[in-house]
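Before any comments, here is the structure.
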Amino acid sequence: MIELKDVSKTFTLHNQGSAVIDVVSGVSFHVAAGECVALTGASGAGKSTLMRMIYGNYLTQAGAICIGDVDIVQAEPREVIALRRAVLGYVSQFLRVVPRVATLDVVADPLRALGVPAEVAAAKAQDLLARLNIPQRLWPLSPTTFSGGEQQRVNIARGFAHAYPALLLDEPTASLDATNREVVLSLIEEAKTRGAAIIGIFHDDAARARVCDREIDVSVFAPGPSINGEAVGHQRGTAA
Amino acid sequence: MTPLLSVQGVTKRYGAQIGCADVSFDLYPGEVMGIVGESGSGKSTLLNCMAGHLAPDAGQVVFDTRADGPKDTVTMSEPERRMLGRTDWAFVHQHARDGLRMGVSAGGNVGERLMAVGARHYGDIRGKATDWLERVEIDAARVDDRPTTFSGGMQQRLQIARNLVTGPRRVFMDEPTGGLDVSVQARLLDLLRGLVRDMGLSAIIVTHDLAVVRLLADRLMVMKSGHVVEAGLTDQVLDDPQHAYSQLLVSSVLQV
């Protein structure tokens, strides 16, 4: 379902002395439907970068990233938008919403964008919000004023509203209490059962061990860092 | 799929000064594109060239008309262009006063566009105008009041109602939230997003507010000194800008 072929990424910081930072190179792996794969590696190894490259909000310099039959590296913006609407879901660490929009609508929004009737989308959203223990009195309110954990749960509800065939999860259990962590893990297990291909970043070892079938250590893809093309002494991200 | 709007090599000079140079892109039905850049980067010039308010020195602006399919709007006759301007096109000005008739009632402002496309039944026109005032969250009781008695945010919403009442397929917005206080801005953004999705509009939004484009636009074009320096998915351009100027623009935003 998700396949990376010889993918590399560099950042060129034009306004900071044109520093060139190689983040990852030669990344190749495959995630099948119904499989959950964890990205591991020390902070700064490039886990989130790799995930954003797969989602397409980071540009990939070389290689191919295929989600189903779309190569996100080559795809036109409108193809990526269509892919994100129907196929590729992403639960980021931060909730980003239009101010003033009710929580219920925020969660139902991905379904509405797919043309699901308002009542059906709202019912699904209510179901998820209830499962994630967001009190009903908060549903008509905008999540912008919610606590960190509540926002994270709203974000997860939104990410799981549509049954995406491919799903990217960036620390979905961070800042959650035990009860809600359990709910999120069961949502992930259900997604696997229905055949979703999942790539996740989990700092919570127990959670990772429970839902993930494999681990991919991102630090093995780290090239030696360089500034203006010259290698700098130390190798980064070797701690696995 | 045929693009709704296909822009090829649009160039506009003001004497030796470049307004915009060799701009090309396609806009598909239902797509929202943002254009960002500093003041004087050519955003508004480009928008006015595409809207038919300015004649470009070179290039084509091909619009997929309902009647005859794709046609170059630069070379089409003035009556044809005006007809599109009244029906399938909408232009939301930065200053609501530029897009409204200040001496005519709110209902009249909305109704005028309906009458321009042939509506004659007073009751129908008034009913539709009232309906649109409510859609943009203006109290229907204000239908007979002049826009001069409205606040800036209300005038802007009235301008949007006036533009969208004929169900246009292509909407241009020049700094639609500029000059409004942030709470009104949020309300307007929410409204625009809902309208764009429910009506399947294709829109181009010129702004220098990156937060506005992140929320509204699917795609983003960054302009500097009349040239397009970067274009792509909105979140890609904002999260991983490639060009030196886009990097500067993104890194200059103040965090709240």
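The values are calculated or read from the model by the stated rules, or taken from the named source; none is laboratory data. Because the structure is a prediction, the values reported are computed rather than measured. All Cβ positions, glycine included, derive from the backbone under ideal geometry; neighbour counts span all protein chains shown.
The set of residues from region A:20-49 being free of Cβ contacts under 8 Å to residues at least 12 places away in the same chain and of a type in the set (D, E, K, R) is empty. Cβ-Cβ contacts under 9 Å between residues 6 or more apart (or on different chains), taken from a first residue in region B:93-104 that is surrounded by 13 or more Cβ atoms within 10 Å (Cβ to Cβ) to a second residue that is small (Gly, Ala, Ser) and in a loop (DSSP other than H, G, I, E, B), are listed as B:GLN94/B:GLY178; B:GLN94/B:GLY179; B:HIS95/B:GLY178; B:HIS95/B:GLY179. For A:VAL80, are the conditions met, namely being surrounded by 22 or more Cβ atoms within 10 Å (Cβ to Cβ), within 14 Å of chain B (Cβ to nearest Cβ), out of contact with any helix residue (DSSP H, G or I) (no Cβ under 6 Å at 6 or more places or on another chain) and not in a strand (DSSP E or B)? Yes, satisfied.
Taking into account only those residues within region B:138-176 that are surrounded by fewer than 21 Cβ atoms within 10 Å (Cβ to Cβ), within 17 Å of the chain's Cα centre (by Cα) and small (Gly, Ala, Ser), which is farthest from B:MET115 (Cα to Cα)? The selected residue is B:GLY153. Look at region A:50-66: where a residue is within 12 Å of chain B (Cβ to nearest Cβ) and more than 15 Å from A:ILE21 (Cβ to Cβ) and a partner is polar (S, T, N, Q) and in a helix (DSSP H, G or I), sitting 6+ places away or on another chain with Cβ atoms under 7 Å, you get A:GLY56/B:GLN236; A:ASN57/B:GLN236. Taking region A:92-107 as the range and being closer than 25 Å to A:ILE199 by Cβ and either assigned to a helix (DSSP H, G or I) or within 11 Å of chain B (Cβ to nearest Cβ) (or both) as the test, the residues that pass are A:SER92, A:ARG96, A:VAL97, A:VAL106, A:VAL107. Exactly one residue out of B:VAL222, B:VAL143, B:VAL206 is more than 18 Å from B:GLY85 (Cα to Cα), among the hydrophobic types (A, V, I, L, M, F, W, C) and touching a Pro at 6+ places or on another chain (Cβ under 8 Å): that is B:VAL222. For region B:98-141, give me each residue that is more than 13 Å from B:GLN155 (Cα to Cα) and among the acidic types (Asp, Glu). Hits for region B:98-141 are B:GLU112, B:ASP124, B:ASP131, B:GLU134. Among what's in region A:1-24 and is of a type in the set (S, T, N, Q) and at pLDDT 90 or above, pick the residue that is nearest to A:ILE199 (Cα to Cα). Per the stated criteria, the residue is A:SER8. Filtered by the rule that a residue be exposed (fewer than 15 other Cβ atoms within 10 Å of the Cβ) and touching a strand residue (DSSP E or B) at 6+ places or on another chain (Cβ under 6 Å), region B:9-21 gives a lone residue, B:GLY9. When B:GLY59 is tested against (1) surrounded by fewer than 20 Cβ atoms within 10 Å (Cβ to Cβ); (2) assigned to a strand (DSSP E or B), just one condition goes unmet, and that condition is (1). Screening the candidates B:LEU254, B:LEU189 for the property of being hydrophobic (A, V, I, L, M, F, W, C), more than 17 Å from the chain's Cα centre (by Cα), modelled with pLDDT under 90 and closer than 30 Å to A:ALA102 by Cβ yields one hit, B:LEU254. Close Cβ contacts (under 8 Å, 6 or more residues apart or on different chains) running from residues in region B:190-211 that are free of Cβ contacts under 8 Å to residues at least 24 places away in the same chain to residues that are part of a helix (DSSP H, G or I) comprise B:ARG193/B:LEU215; B:ARG193/B:LEU216; B:ARG197/A:ARG112; B:ARG197/A:ALA113. For A:ALA86, the conditions (1) in contact (Cβ under 8 Å) with a residue 24 or more places away in the chain; (2) touching a strand residue (DSSP E or B) at 6+ places or on another chain (Cβ under 9 Å) are fulfilled apart from (2). Residues of region B:227-256 that are closer than 20 Å to A:GLN16 by Cα and small (Gly, Ala, Ser): B:ALA244, B:SER246, B:SER251, B:SER252. Take the conditions (1) in contact with a Lys or Arg (Cβ under 8 Å, 6 or more places away or on another chain); (2) at negative phi; (3) within 13 Å of chain A (Cβ to nearest Cβ); (4) in contact (Cβ under 8 Å) with a residue 40 or more places away in the chain; B:THR166 misses just one of them, which is (3). Residue check: is A:VAL73 of a type in the set (Val, Ile, Thr), touching a residue at least 12 places away in the same chain (Cβ under 8 Å), touching a strand residue (DSSP E or B) at 6+ places or on another chain (Cβ under 7 Å) and assigned to a strand (DSSP E or B)? In short, no. Annotation note: Cβ proximity below 7 Å between a residue of region B:228-256 that is more than 8 Å from every other protein chain (Cβ to nearest Cβ) and a residue that is of a type in the set (Gly, Ala, Ser) and in a strand (DSSP E or B) (sequence gap 6+ or interchain) occurs for B:THR234/B:GLY34. Look at region B:177-188: where a residue is at the interface with another protein chain (Cβ under 9 Å from one of its Cβ atoms) and a partner is surrounded by fewer than 19 Cβ atoms within 10 Å (Cβ to Cβ) and of a type in the set (Lys, Arg), sitting 6+ places away or on another chain with Cβ atoms under 7 Å, you get B:ALA186/A:ARG100; B:ARG187/A:ARG100. Could you identify the single residue in B:SER24, B:SER41, B:SER77, B:SER6 that is out of contact with any Lys or Arg (no Cβ under 7 Å at 6 or more places or on another chain) and surrounded by 17 or more Cβ atoms within 10 Å (Cβ to Cβ)? Of the residues listed, the single one that is out of contact with any Lys or Arg (no Cβ under 7 Å at 6 or more places or on another chain) and surrounded by 17 or more Cβ atoms within 10 Å (Cβ to Cβ) is B:SER6. Here B:ALA244, B:ALA211, B:ALA231, B:ALA217 are screened, and the one residue that is under 24 Å from A:ALA102 (Cβ atoms) and out of contact with any Ser or Thr (no Cβ under 6 Å at 6 or more places or on another chain) is B:ALA211. Of all the numbered requirements in (1) under 23 Å from A:ALA166 (Cα atoms); (2) part of a helix (DSSP H, G or I); (3) more than 11 Å from every other protein chain (Cβ to nearest Cβ), A:GLU119 misses one, and that requirement is (1).
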